[in-house]
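One structure is given below, encoded as structure tokens.
The values are calculated or read from the model by the stated rules, or taken from the named source; none is laboratory data. Bear in mind that the values here come from a model prediction, so they are computed numbers and not experimental data. Glycine also receives a Cβ, built like all others from the backbone with ideal geometry; neighbour counts cover every protein chain displayed. Side chains are part of the model used for accessible areas, which takes the heavy atoms of the whole protein and leaves out ligands, DNA and RNA. Shrake-Rupley method; radii C 1.70, N 1.55, O 1.52, S 1.80 Å.
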Amino acid sequence: LETQQGANYARNRALAEARGEIIVYGDDDILMGPGWLQALMAPFAADADGRIGAVAGEVEPIFPDGAPDWVRSFHGLQALRPDAGPTAAHQVPMSANLAFRRDALRATGGWDINLGRKGGRVFGGEENGPIRRLRKAGYAVWFAPAARVQHQMPAARTTLRYVKRHAFDSACSRVVGRVNLDREEGRS
């Protein structure tokens, strides 16, 4: 039970309570197909040295209620590479379909509670900190395209009002992320 509101409070609670070696995070509005979990776990299973800290899968936005083209135009498929393998240093996968080696995530600080969804706030970028810290600690971040999920985008997320709020909150999250990076690197 996590009594504090916010996605990252919940993620950190799951991290604290997890007993397995791998912890998988997904959004509450994703749909997984057959073989999804097996594909997400395959890189970890093949990693005898434990150097893979995180594995992400594809995230395909779908619009069950339809969406105007202008909304669809900025919701693309997260397809970081065509085959399973390490991601480039500039690539940060989405938390909607992301697994971590539990002890690596714990050792590198978990999730920033100042980012992520909380009530009506739609801050994003919560993945940046954990992914950056894993890489800094020497862990690889992999992408497994066969571990594909569909991310449902309801009609409420296709309005101009929502898009404007999301854009504003996303900009704010980039500022918070930059401040966090500066603090981590001793530049505050």
Residue satisfying all of: in the stretch 142-180; among the aromatic types (Phe, Trp, Tyr) and out of contact with any Pro (no Cβ under 9 Å at 6 or more places or on another chain); surrounded by the fewest Cβ atoms within 10 Å (Cβ to Cβ) among these: 168
Every residue from the stretch 124-144 that is closer than 23 Å to residue 62 by Cβ and either at pLDDT below 80 or in contact with a Lys or Arg (Cβ under 7 Å, 6 or more places away or on another chain) (or both): 124, 125, 126, 143
Selected residue [in contact with a Gly (Cβ under 7 Å, 6 or more places away or on another chain) and without any contact (Cβ under 8 Å) to a residue 60 or more places away in the chain] from 88, 104: 104
Contacts under 7 angstrom Cβ, first residue in the stretch 8-30 being within 24 Å of residue 156 (Cα to Cα) and touching a residue at least 40 places away in the same chain (Cβ under 8 Å), partner part of a helix (DSSP H, G or I) and not aromatic (Phe, Trp, Tyr), 6 or more apart: 25/11
Tabulated pairs, the stretch 56-74, first farther than 17 Å from residue 31 by Cβ, second open to solvent by less than 30 Å² (accessible area, probe 1.4 Å), C-beta under 6 angstrom, 6+ apart or interchain: 71/158
